[in-house]
Each structure stands twice: as structure tokens, then as C-alpha cells.
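Notes to accompany the following structure.
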Amino acid sequence: MSFRASVLTLYPEMFPGPLGTSLAGRALARGDWSLEALNIREHGLGRHRTVDDTPAGGGAGMVMRADVLGSAIDAAAPAGDPRPRLLMSPRGTPLTQKRVRALAQGPGALILCGRFEGVDERVIEGRGLEEVSIGDYILSGGEMAALVLLDAVVRLLPGVMGNAQSGETESFEDGLLEHPHYTRPTEWEGRAIPPVLQSGDHGVVARWRRTEAERLTQQRRPDLWQNCGISLKD
């Protein structure tokens, strides 16, 4: 079964966007995964297909209605659909490589892209939505976040990357940032490739890469370093 993504959005024209090019685009054309962008406004109310209303209790902005979103979700993922239901939200659980890999091993995902001030809390509870965040900042809507999530997932699907090992040695796969990379020319503007990488000794190269990954993680992401439970002395 290929990975199947259904995106609920007010702007379906934003998809596939960048997912229609490069690795993801070629995989989409081959049928390694599928993508449908569904317009929430088709489930809107009245002549103007209204999807939002003023926030209960007052305040600025508008809130997406639970009845409209519930109808859109039910149409896109009827009872028995095994795919997780995700809501792209700045208050969600931070997206990690571990979660990305888990999604890539599943049947796909239903992704709801919020807009305005947010969505009615009742639809989050009533439809079992998993809130996911791609970072501590605010976007105009969930569409860009959905594109990021799908790009991260699709590249891990079988056959998408030419070299499967590429996905196993990247940042976050083992709790560390990735080691530095070099290629020709051997020297550039007075900066040379580290001699160890030209030694031909794969064991020495592997140890150097591990040490560099640990060093960079400790310097740049102390939060990751603390969680991985290792030290440079190990």
C-alpha cells in the first residue's frame, strides 16, 4: 500500500507545490505516494460557504467552525480509515525525525491546515486530532507546515532516495547532528579537506565522523546532547 496523504485546506492550489518536484515529485509521479488537496470550503455553510465565526468569549480574529471541519474530516477519512489525523498547530508536539520515520512506515496521514486564530477545540477532541508543530513561530496557516512534514516523510518512503543509507546517517537519526561534509577540490581558498577523510581507512573515517557529530551536537544543540546520554569521553 502506498503512502496516501489527504490535506484539508482553504487553499488547495498550494499543493503539491514543491512536493511536485525533485525526489518527492518523481515519487508522486511513480505512484510511490499519493496526495489529494481537499477544499474545506466545500463543506462551508450558506451561500458564501462560511467556514469560520467570531471567538466565543470575544477577542480578535476568527475561529474555524467545528461543524464545518468535522464534516470535512468525515468526508476525507470515513470511519475505519487507519491513517493518523494531524492538525498543523504552533501549540502542537514538536515534529521529530522519530515521528517522521513512524509516519513514513504507516499508510499515510490526514492533515488539517488551520487558518485564522485557530480551530474550535471541540473538533480537535471529537475527531482525535494530533497537533503537530514544526517550530516555535507563527505562520499564516498550516499549509507551509504540512508541506514541510510531507517532504520529511516522503523522502523516507522505500525507493524515494537512491541510496537508502543516506536516510540513516543524517542529523537526528541517532540523536546527534550530522558530521561535516567535504568534496572536491581537495583545497579551496586555503582550506583543505581533513586528511583523515583521504586516508582510505573506513574505520578511522567512521570514528572521526562520530566524534565530529558529537562535538557539533554538544556545541550547537546542548538540549539534544543532554538527551542522548553520551559524552565525548565515551
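The values are calculated or read from the model by the stated rules, or taken from the named source; none is laboratory data. Note that the structure is a prediction, hence the values are computed from the model and not measured. So basically every Cβ, Gly included, is an ideal-geometry build from the backbone, and we count neighbours across all protein chains shown. Just the protein is used for accessible areas: all its heavy atoms, side chains included, with ligands, DNA and RNA removed. Shrake-Rupley method; radii C 1.70, N 1.55, O 1.52, S 1.80 Å.
The residue pairs whose first member lies in the range 185-210 and is of a type in the set (Ser, Thr, Tyr), whose second member is open to solvent by 60 Å² or more (accessible area, probe 1.4 Å), and whose beta carbons are closer than 7 Å, counting only pairs six or more residues apart or on different chains, are THR186/ALA192.
Table: residues versus (1) out of contact with any helix residue (DSSP H, G or I) (no Cβ under 9 Å at 6 or more places or on another chain); (2) over 22 Å from LEU112 (Cα atoms); (3) in a helix (DSSP H, G or I).
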{"site": "PRO18", "(1), (2), (3)": "no, no, yes"}
{"site": "ALA24", "(1), (2), (3)": "no, no, yes"}
{"site": "ALA29", "(1), (2), (3)": "no, yes, yes"}
{"site": "ALA37", "(1), (2), (3)": "no, no, no"}
{"site": "GLY57", "(1), (2), (3)": "yes, yes, no"}
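In the set LEU149, LEU110, only one residue is in contact (Cβ under 8 Å) with a residue 40 or more places away in the chain and part of a helix (DSSP H, G or I); that residue is LEU149. If I filter the range 74-84 for residues that are in a strand (DSSP E or B) and open to solvent by less than 50 Å² (accessible area, probe 1.4 Å), do I get at least one hit? No; the residues of the range 74-84 include none that is in a strand (DSSP E or B) and open to solvent by less than 50 Å² (accessible area, probe 1.4 Å).
Number of residues in the range 174-231 that are out of contact with any strand residue (DSSP E or B) (no Cβ under 8 Å at 6 or more places or on another chain) and either of a type in the set (S, T, N, Q) or in a helix (DSSP H, G or I) (or both): the value is 33.
Inspect the range 39-46 for any residue being among the aliphatic types (A, V, I, L, M), within 17 Å of LEU69 (Cα to Cα), at pLDDT 95 or above and open to solvent by 50 Å² or more (accessible area, probe 1.4 Å) and give the result as yes or no. Yes; the residues of the range 39-46 include at least one that is among the aliphatic types (A, V, I, L, M), within 17 Å of LEU69 (Cα to Cα), at pLDDT 95 or above and open to solvent by 50 Å² or more (accessible area, probe 1.4 Å).
Within the span defined as the range 155-166, one or more residues are at pLDDT 95 or above, touching a strand residue (DSSP E or B) at 6+ places or on another chain (Cβ under 7 Å) and either open to solvent by less than 30 Å² (accessible area, probe 1.4 Å) or β-branched (Val, Ile, Thr) (or both). Could we say that GLY61 is farther than 20 Å from LEU129 by Cα, more than 21 Å from the chain's Cα centre (by Cα), open to solvent by 50 Å² or more (accessible area, probe 1.4 Å) and small (Gly, Ala, Ser) here? Criteria not met by GLY61. Among what's in the range 210-228 and is touching a helix residue (DSSP H, G or I) at 6+ places or on another chain (Cβ under 9 Å) and open to solvent by 60 Å² or more (accessible area, probe 1.4 Å), pick the residue that is nearest to LYS98 (Cα to Cα). Residue satisfying both the conditions and the ranking: GLN218.
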